[in-house]
1. Looking at (1) in contact with a His (Cβ under 7 Å, 6 or more places away or on another chain); (2) closer than 28 Å to B:ASN96 by Cβ, which is the one condition that is false for B:LYS302?
2. Scan the range B:129-145 for residues that are modelled with pLDDT under 95, touching a Lys or Arg at 6+ places or on another chain (Cβ under 9 Å) and surrounded by 15 or more Cβ atoms within 10 Å (Cβ to Cβ) and report the count.
3. One residue is enough: does the range B:248-264 have a residue meeting the conditions more than 20 Å from B:LEU227 (Cβ to Cβ) and not basic (Lys, Arg)?
4. Just to be sure I understand, how many residues within the range B:277-290 are more than 10 Å from chain A (Cβ to nearest Cβ) and within 11 Å of B:ILE261 (Cβ to Cβ)?
5. In this structure, is A:VAL197 hydrophobic (A, V, I, L, M, F, W, C) and surrounded by fewer than 21 Cβ atoms within 10 Å (Cβ to Cβ)?
6. Going by the structure shown, is B:VAL296 within 27 Å of B:MET70 (Cα to Cα) and surrounded by fewer than 16 Cβ atoms within 10 Å (Cβ to Cβ)?
7. Hey, which of the strands (runs of 3 or more DSSP E) in the range A:85-161, taking only ones fully inside, have at least 2 residues that are at the interface with chain B (Cβ under 9 Å from one of its Cβ atoms), without any contact (Cβ under 8 Å) to a residue 40 or more places away in the chain and under 16 Å from A:ILE311 (Cα atoms)?
8. Test each condition in (1) surrounded by fewer than 23 Cβ atoms within 10 Å (Cβ to Cβ); (2) under 29 Å from B:VAL97 (Cβ atoms) for A:ARG185 and report the one that comes out false.
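The values are calculated or read from the model by the stated rules, or taken from the named source; none is laboratory data. Keep in mind it's a predicted model, so treat the numbers as computed, not measured. Cβ coordinates were reconstructed from backbone atoms using ideal geometry, including for glycine residues, and neighbour counts include every protein chain displayed.
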2 protein chains.
Amino acid sequence: MKKKKEVTIYDLAKELNFSPSTISRALNNHKSIGKKTTKKVQKTAEEFGYRPNALAASLRNNTTKTIGIMMSRINRPFQASLITGIEKTARKSNFNVIITQSDDKYENEVKNAKALYDARIGGLIVSLGMETQDTSHFDQYVKQNIPIVFVDRVPESFNSYRVIIDNYAAGYRATKHLIEQGCKRIAHFAGAQHVNVYHLRKKGYLDAINEHGLQVDEELILDLKTLSFEEGKKATKKLLKLENPPDGIFSANDTAAVSAILYAKEKGIKIPQELAIIGFNDDPISRIVEPTLSTVSHPAIKMGEISTKKILEHATRKLDTAVSEITMLDTEVIVRNSSNRNLK
Amino acid sequence: MKKKKEVTIYDLAKELNFSPSTISRALNNHKSIGKKTTKKVQKTAEEFGYRPNALAASLRNNTTKTIGIMMSRINRPFQASLITGIEKTARKSNFNVIITQSDDKYENEVKNAKALYDARIGGLIVSLGMETQDTSHFDQYVKQNIPIVFVDRVPESFNSYRVIIDNYAAGYRATKHLIEQGCKRIAHFAGAQHVNVYHLRKKGYLDAINEHGLQVDEELILDLKTLSFEEGKKATKKLLKLENPPDGIFSANDTAAVSAILYAKEKGIKIPQELAIIGFNDDPISRIVEPTLSTVSHPAIKMGEISTKKILEHATRKLDTAVSEITMLDTEVIVRNSSNRNLK
DNA sequence: ATAATATACGCAATCGATTGTTGTTTCAAA
DNA sequence: TTTGAAACAACAATCGATTGCGTATATTAT
């Protein structure tokens, strides 16, 4: 178990007859070091294969070039893409990315917040879990001036960066689209209403209905806890049994929308003629299911990029955390066959 | 930008009139510290809200409680699930997980290997990129006795842990299944043949064909570089144009298999009656496409768990890296409608 | 009672980079 | 030639935990 020693600034100092301080500053292009010296040091560092020990620097600076991520579950298309965007952007600036997942359990979220804090992350990117209502587990970050970016599922109020999509407009437009296709009784698979994204989508839905001379029917609005495949199926079943069933469904996610398509088809209902359906997220399945699912697309990778940039700016410029900045991205209604009545 | 100081072992030492060494040892349950002392220290640490500074320990020990992950792309179902398994298992042992993705580019893979090395990770879990043939960028880890686990896409020979599925058997069984359904001319969408998993699946396919009295027809074997949707479609087109088209397809992944289903259906070919199809991976889309796609399931999360356990064992017991241990997991042929001719 | 062995704990160096302070050169202007 | 400023570089403390070695006290055996 012999380990080859790494090259340190002390080795370079000895070689060049400078002090370690000078080496350190030269490597960081500090202005108090002469140009020739700086160049010489960097050249030698290169030759010696010097690689800075980030741990030492982190210990000294009490912060790391690491971004922590908190997600509910990473093996879902949206979240995976979010992480992809984060990781790519972070790595360009030599930041590492630590991930955690909460399984949508509040308890895990609190634990993970602590774990990441202990890892001395330089910034945090969070998409809240379903259960989370209280956000005090993030207070410690604020106290230490560690930047937090909430993405997508964000808290109502928290002095931090927030990167979101315009869920209200998205819900409005998706619903409007169904109305334009001639739907008169549009159902809505809503998510848990204490989660902002679902709340806003529903609000958009409601306003669209009202503003187009249609009637909101509470019977057609189903709050699904997790918007899972099973829940979607059950909900569809319930809707179809109604005396006056809907002729359109706006589902707050694709999973439930797909289950609606499959179940309705099974019951011999024609999509989109008898029942037009639109989902949310533009998951890969939406292109595969038949009929292909109309949906609302999320710029997931971009959201990851933007979130990361916020952190990086903050970390680099050592800004103060007393910011509350909201970046709102646009969504796009993607019309596919499950809602397009003008096809044939 | 005032920062509240964290509690350190020095604070505890002062409080309890012990030396920092004693505190450190007591917190680590070192045997050279008395029982009462240990208990007292731990109690006080708890009261004071002491949280160890992992950076300091890492610097001293020259290793971190962090596992590095190298993947080609994390927003794909299999890889995302793999990471899920890794992260969950790691966190239970207070290890963090750093992820990197190469986009299947060799250059990125080399860069990421360096970046993770610089981060002083305690172990590495890798699924090789498509382009990777040379693995010398991992040599530095071996030299430093840092454990490496290759998962799924592993190198032919490398003195390390490898966690894989039995690709040969999987390919054999998938093909055999098609034969049992009455297929006589079975095509194969093979992946890049320098990647072990695809090579083995093809081998299983070939042997199954031969051992069941069928004829291997090179015309029916298509090496798809990336097994993408587009490639799959093109390949299917080519196959269907053949004078003597196939009556079955075994695709080395689900994406290409799904594209085959969609294209064939578009051309009016009946699945599975005229063309039976089986994929690989059990991606979510396989349950959605119509007909639902038969496939081979990968125990992705479990693979992540096992890989992580290997690392943890190694890190905890400080074993030597001179191991070459292969863990082979079983797969399961999942018969759905795209290949089941006995349905109606 | 004394030597021998445990047991319990402290000293101080160490990991590698950073940085406020201080000291020395260098060069130009007076 | 002197003086002042700017440029350059070194000293030494610091971040917090770990650990080899050494010492002091307690326990046991003889």
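1. Looking at each condition in turn, B:LYS302 falls short on (1).
2. Counting residues in the range B:129-145 that are modelled with pLDDT under 95, touching a Lys or Arg at 6+ places or on another chain (Cβ under 9 Å) and surrounded by 15 or more Cβ atoms within 10 Å (Cβ to Cβ) gives 6.
3. Of all residues in the range B:248-264, those more than 20 Å from B:LEU227 (Cβ to Cβ) come to none.
Looking through the range B:248-264, none of the residues is more than 20 Å from B:LEU227 (Cβ to Cβ) and not basic (Lys, Arg).
4. Here the count works out to 3.
5. no
6. no
7. Working: elements: A:96-101, A:123-126, A:148-151.
Qualifying strands (runs of 3 or more DSSP E): A:96-101.
8. For A:ARG185, the failing item is (2).
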